[in-house]
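The values are calculated or read from the model by the stated rules, or taken from the named source; none is laboratory data. The shown structure was predicted, so the numbers you read here are calculated from the model rather than taken from an experiment. Note: ideal-geometry Cβ built from the backbone for every residue, glycine included; neighbour counts use all protein chains shown.
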Amino acid sequence: MRSVVANSRQLGVKVALGFDAAEAAYQGHSADELKTMVKYGFTPLEAIQAATLGGAELYGEQLGAIEPGYYADVIAVDGDPLADVGTLGQVSFVMKGGVVVTTDRQLIFASHYCGH
């Protein structure tokens, strides 16, 4: 698997990071997938872009901005994910569709998506 990922990156193949779990118990592992992408040769920024922009680009969705009138999911973490992509596993703030989400259960990595 490592060679497939590394070769894809070297060839400029567009990559989208995502996880379609059949059960809720298997969801919430996107931060682990990001760490694996970095381990296989992607930079932290490239891995984050695959998790955020990649899906929208591959599905042909219009990319937007974080501004009034746009739909966006946003997270915040304590730390610098470009220095340690693993910090994306400890989310301290979630905004889903422009609404701040609070929960008592463990927060999971939420992809950033912008569009009309």
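Structure values in brief
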item: A51 being in contact with a strand residue (DSSP E or B) (Cβ under 9 Å, 6 or more places away or on another chain) and surrounded by 11 or more Cβ atoms within 10 Å (Cβ to Cβ); result: no
item: Conditions (1) in a helix (DSSP H, G or I); (2) modelled with pLDDT under 70; number of the one not met by H112; result: (1)
item: Residues within region 1-52 that are part of a helix (DSSP H, G or I), closer than 12 Å to V85 by Cβ and of a type in the set (A, V, I, L, M), tallied; result: 9
item: Test: residue in region 76-86 that is modelled with pLDDT under 70, farther than 19 Å from V5 by Cα and surrounded by fewer than 17 Cβ atoms within 10 Å (Cβ to Cβ); result: no
item: Search result, residues across region 11-44 that are surrounded by fewer than 10 Cβ atoms within 10 Å (Cβ to Cβ) and modelled with pLDDT under 85; result: D20, A22, E23, A24, A25
